[in-house]
Amino acid sequence: MTTAQSPRPVPKRSRARTLVPLAVALWLVLEIWLLTVVAEAAGGFVVLLLLVGAVVLGAVVMKSAGRRAFRNLTETLQRQQNPGAAPSEEATGSTGNGFLMLGGLLIMLPGLITDVLGLLLLLPPVRTTLGRYAERSLERRMRAAAPGTLGDAFQQARMRQPDGKVVQGEVIKEDGTPAPRPEDEGPRPPLTP
């Protein structure tokens with residue numbers, strides 16, 4: 001004897017899963033249309049030169065950003081081995097190489113809109129503004145992270161000072177008594193999934 005099972009409710013499709021493919025399709029159509037308009041006005045050879053030049057410029061930008069990132073990494077590792085060394089001006093800059101690499105990638109993609117967006121990312125004030133916005137957004141999300149989530153792990157990782165030392169502190173319960181220290185409780189149980 002079989003029993004009829006009620007069908008599972010179909011989960012509602014998120015807005016992002018609906019809008020992102022539509023936005024990508026609209027972007028592609030707009031890029032192609034813009035390239036055809038430029039080709040009609042200036043000629044197909046000019047469009048070909050624009051596309052090849054954009055690929056070359058994007059590759060140069062990405063290569064220089066990669067070299068700069070490697071140089072910063074090397075300087076950081078040397079400073080950790082030699083704490084007395086002062087960081088260079090480039091290593092302490094607030095603009096990261098991530099936006100430079102993204103700008104180079106956008107320039108390399110065929111299309112005039114992505115070229116303009118990539119060129120905008122090459123401007124230091126734009127990179128600084130986007131970096132601050134991204135940092136504030138990440139901070140806000142990390143503060144709202146629930147305990148035990150990935151965001152909570154990032155928050156705990158940020159509690160360390162840049163030199164790798166743990167910031168010492170003490171947890172005070174609401175009634176004013178100090179919480180027991182982990183050393184006093186004995187060995188911790190193993191982590192299990």
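The values are calculated or read from the model by the stated rules, or taken from the named source; none is laboratory data. Treat the numbers as computed from the prediction; the structure is a model and nothing was measured. Note that we place each Cβ from the backbone using ideal geometry, even for glycine, and neighbour counts take in every protein chain shown. Side chains included, ligands, DNA and RNA excluded: accessible areas come from the protein's heavy atoms. Shrake-Rupley method; radii C 1.70, N 1.55, O 1.52, S 1.80 Å.
Here are some notes:
- Distance between modelled label sites at residue 78 and residue 133, nm, 7 Å Cα→Cβ extension: 3.6
- Taking all protein chains into account, the per residue accessible area for region 1-80 stands at 84 Å² (1.4 Å probe).
- Region 1-77 - Debye-derived log10 I(q)/I(0), Cα point model, q = 0.11, 0.15 Å⁻¹: -0.66, -0.84
- Label-to-label distance for residue 116 and residue 5 is 5.3 nm, based on points extended 7 Å past Cα in the beta-carbon direction.
- Net charge over other residues, Cβ less than 13 angstrom from the Cβ of residue 60 (K, R count +1; D, E count -1): +3
- Using R0 = 25 Å, the C-beta based FRET efficiency linking residue 142 and residue 29 works out to 0.10.
- Report note on the peptides 122-132, 54-64, 39-49, 98-108: ranked by the mean count of other C-beta atoms within 10 Å, highest first, their order is 98-108, 54-64, 122-132, 39-49.
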